Structures are given as C-alpha cells and as structure tokens.
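Have a look at the structure below, then the notes.
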Amino acid sequence: MEKRMAAATASASASYRLLNQKKHTSKRFLDHRRLVTNFGELHRSSSSSRGFMHHCGTAPLQSFLSRFLWALQKSSLNHIQNLPGIQHRTFGLKNVIQDEEELQTANTDWMHKYKGSSKLMLLPENTDQLSQILKYCNSRCLAVVPQGGNTGLVGGSVPVFDEVIINTRRMNNIISFDEVSGVLVCEAGCILENLISFLDKQGFIMPLDLGAKGSCQIGGNVSTNAGGLRLIRYGSLHGTVLGLEVVLANGNVIDMLGTLRKDNTGYDLKHLFIGSEGSLGIITKVSILTPPKLSSVNIAFLACQDYISCQKLVFQAKRKLGEILSAFEFLDAQAMNLVLDHLDSVRNPLPSSIYNFYVLIETTGSNECNDKEKVEGFLVDAMESGLVSDGAIAQDLNQASSFWQIREGIPEALQKAGAVYKYDLSIPVEKMYDLVEEMRIRLGGKANVVGYGHLGDGNLHLNVSAPQYDDAILAEIEPFVYEWTSKQHGSISAEHGLGLMKAEKIYYSKSTATVELMASMKKMLDPNGILNPYKVIPQSLLLS
C-alpha cells in the first residue's frame, strides 16, 4: 500500500496545477471533488496527460489521496494511447485537429477556470461519422467529451484529463423548415444566432435567446436545457423541442426526430437527453417548434427603490400584460455600476440618479396600438403606486438594443472586473434577493456581491466579484450558497447545468434515490462510462 501511495503521489503531483499562476492564489482543492486522477497504472494514460485545472488551485496531496483512494482500483476508462489508429479508423486526417493552439482553446472553458489536456479533437461532418467515432472509442473504453460552442460556465464541455474532444461545429446544416407548423429541423452544430437570422427571414423567431447566441450551438443548448431571456413567454426546451436524433455511446443512432406536437406512443425518450449534458448520448439533430415573429415589440427600462417593488412589479406584469409579456429581467445597482464602469458602449438610460434596482420588461404582440396602450397603462399604474421610481420606453430599435445591452453586458463586465464566482440558482421569487443580502453580510468588504437574472421565472444569477481568486472568499461562499438554496427548496442549477463544477453538489437539489436512478440510467446507456466522464453524476455512484 505504501508503494502504491508513493506512486500515486508522484503521479498526482504532475496532474494538478493552476491555470493561471498570476491570477489564482488558492492553495486547496475544491471541497468534495471526486475525480479519478490520471494515474498511470489506473488509466494506462499517455505520459503527456496533465489533466484538470481549477481556479481553486492545487490539491494538498495527502488530503487528495485520502479523499480519492476509494477510486484507485475501480476505473475502467482508458485515455488517448493510439492517435493514428483512431484517425484512420474514423475518417482519416481531414477532420482531425492536433494543432496545439487550436487544442488549447478547445481544452479551456469560457471562464478560464477549467483546462484539460486533450491531444485530439475530431470534427465529424454527419451522424454516420460521429457514430463511427463513438463505436470505435467505446470498444476501447476511450473517454470522449462532446463540445459545441464551448460557452458553458460549469466546466461541462472541456476535458478533465486527455479525453477525445468531439466538436459538432461542422454539423451545421438546416435540414428543413415548415412555414405552416413553424417546425425547424437542423443539425446540432448550428449556431443559435444563425438560426435566429434564418428564421427572421421566414417571419419566425427562435423560442430561445441567450447572451452567448453568437457562439453557442443548438445541440449544446438542448443538451444543457438552456433557459435564456424569454423562458417566461415560450417555456423551456422540454416544451419546444419536438424531436431529437441522438448517438449513444456504442455508436447506435436513435431516431426520435419527430415533428409532431402530439405523440403519445410509448415513452417520450427525448426528454432523457434534454439537459443530460452529453452524458447519455450526443445530440446530432434537433426539431424545434418556433413561434411566428410578431410586429409589435415594446421595451421598458425601469428603476425601483427596493426588491419588494421588483417582486410586486413582476406579479402585476403577469396579471396586466398577460399574453404579451415576453421578458422580465432585473439587476441591482452593483450590476449596473459594473456595466457602466467596464463597458464603454453602454449608457445609463436613467442618468438622473443611481437606483437600487432596475427592471427590463419586454412585450411582444400583434396589435401595436393595443399593446402600446396596455404597456403605458401598466407603467402609469406602477408609477402611481410607487413601485417604479423612474423609467424609459425604447422609441426605436437602437434604444431597444441599448437597453438589452445593459442586461446582456453584465457577464462581460464581471469578467473585466477580475475574478468572479458564478452561481445559477432557482429560488422562490420572494426569497431570491435574501441570498444576495446575506452573502454581502458574510463577505463584508472582501468582495462585490452582484445579483441579477430572470425575475420572471425565479432564476437568480449570483456573482461574487473580487480582484483575484481567494480561498478565504470561496470558504465563505461554499457550501453556504448550496445549503441556503437547499433550505429554500431551490435548485443549485437553474439553467447552466451541473458539469464538473456541481456534479458532487447534486444532492443539495435531488434526493439520494433520484440521483441513484440517474446513475443507473447512465450505466445502462453508457456502461463503459465514456461519455463526458466526471460530469453531472457523482463519480462514486458510477464506479460502485
């Protein structure tokens, strides 16, 4: 045992390092992370594997070994051993990426928190090629990571070690569009913004809109069940996605690409893959119901003095604006100040004062006169009742765009401000901002706590901004943020997914029996565990 511990220690010391030595000062590993390390005897991994990086820094080896010793004899995954073999057995060199610069980008997540060490990225051009890849990898227990636009925030789309990256960006064809039903069928690699542009020309819109729409792909959107800015109007992807084509770990293609709104013949299996983050199968095609583009759009940017006013305002908006309400977003003064300080192109539409809270309301309808009258009446009532302190209504597309730029610019402003700890939570609306206030009390002057999000559907984006990553700050945030959310019967992942960041935190939102059932489904559909390993499900359940 002592020899094995010594060998493991030597291997582990080479497997963990900081992504950015200058910016990251942390000295311990994230609590409860249960990853299988790339020990040579365990994974028979390539000697070049350098593995997982996290903003919380390197793991103290003794603590690491005591925490992960249970896994030393249980892993069955191989990592990259024979690059020429996988190249020629799939589709030759044409769609094989081994360029170091391009791989560095693919290995690193958007937040620059997680970095893998894959030496190989494959770019299938169709379902058949992707099927061949998975069949080959599964037969050799080669781990793979499905990747789209790589815009995720929880480390779900990058390798942990040297897993093969399968990027779907060349599977980007629009297959069909039915102008009568509004059903769009496309491949998984289509960029969301391109789909939005295509549908705009047809007089339709995507039911999903995200700040990352210029990079994210529809397959990734579906596999993470992305929520977005207009969920209050169009609902989640579980409601708008009508069908999927999915390739399982063994290469089998499952055709569920229906275009019917009503189909009760057996189990609706597509829902297993919506939100599964590529851990059960890789989505290759999507059919989605798209609503018609309506001509009347109104956008108001409002100021409120307290959160209770925002809460009452969303209740009144749902009652008085009803069917035309398409977005209801909020941000606090800290978020507003960040945007104004760090984004040169943003201007405050209410410059007379800095208020405690701001709300962006969008309505979409078909009757311009009636919609405008309804919106103005709602705003007059809100002003007279004291819920709104100030406000502006966009008079043209440029003003509308400038209002949205404030809300969509918050993530960019946070990135420019320094280190940021991001949490995506579903909490009852009346309790949502309590967490922000309690976090400010806990952290004092150590960091800037920012709250914003989709108030219309109870989704808080809690962000803690600091000059650099710091263990003392992280210790105040976690596990408090998860425990607090659990006590409110909320969700620790509203729309970003679990990925690597929250796989071990799933019990804060799901019961043990529920998680065990999820693990049994994973084992059934992916018995060798090759699909996006170490993500979504606690690794201990999959190795037992």
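The values are calculated or read from the model by the stated rules, or taken from the named source; none is laboratory data. Predicted model only: the values in this text are computed from it and were never measured. Reconstructed Cβ throughout: ideal geometry from the backbone, glycine too, with neighbour counts over all protein chains shown. Accessible surface areas use protein heavy atoms only, side chains included; no ligands, DNA or RNA. Shrake-Rupley method; radii C 1.70, N 1.55, O 1.52, S 1.80 Å.
Work out how much length Glu323 to Ser353 would gain on full extension: take 0.36 nm times their residue separation and subtract the Cα-Cα distance, in nm to one decimal.
Values: separation 30, 0.36 × 30 = 10.80 nm, distance 3.24 nm.
Answer, rounded to one decimal: 7.6 nm.
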Assuming 0.36 nm per residue, please report the length gained on full extension of the stretch Ala333 to Arg170 beyond their Cα-Cα distance.
54.5 nm
What's the local net charge at Ile530, with K and R +1, D and E -1, over the other residues with C-beta under 10 Å away?
-1
Taking a probe of 1.4 Å, how large is the accessible area per residue of the stretch 229-292, in Å²?
44
What ³J(HN,Hα) values, in whole Hz, does the Karplus curve 6.51 cos²θ - 1.76 cosθ + 1.60 give for the stretch 128-139 when θ = phi - 60°, with x put for Gly and Pro?
4, 5, 5, 4, 4, 4, 5, 4, 5, 5, 5, 5
How high is the relative contact order of the stretch 296-410, given as a whole-number percent (alpha carbon pairs under 8 Å, six or more residues apart)?
47
Which FRET efficiency, nearest 0.05, do Asp200 and Lys523 yield, Cβ-Cβ r, R0 45 Å?
0.55
Straight-line reach only, C-alpha to C-alpha below 17 angstrom: list the lysines that Lys416 could link to, leaving out same-chain residues fewer than 8 apart.
Lys22, Lys23, Lys113
Under 28 Å between alpha carbons, and skipping anything fewer than 8 positions from Lys431 in its own chain: which lysines qualify?
Lys312, Lys318, Lys320, Lys422, Lys446, Lys487, Lys502, Lys505, Lys510
So what is the accessible area of the stretch 317-400 per residue, in Å², with the probe set to 1.4 Å?
49
When the Cα centres of the stretch 469-535 and the stretch 262-280 are compared, how far apart do they sit, in Å?
20
Below 8 Å, C-alpha to C-alpha, sequence gap of six or more: please give me the relative contact order for the stretch 174-289 in percent.
31
For Arg442 and Ser295, FRET efficiency with R0 = 51 Å and r from the beta-carbon atoms, rounded to 0.05?
0.60
Rank-order 468-474, 152-158 by packing density, defined as the average count of other C-beta atoms within 10 Å over each peptide's residues, highest first.
152-158, 468-474
Once you list every other residue whose beta carbon is under 14 Å from the beta carbon of Thr512, what net charge do they have if Lys and Arg are +1 and Asp and Glu are -1?
0
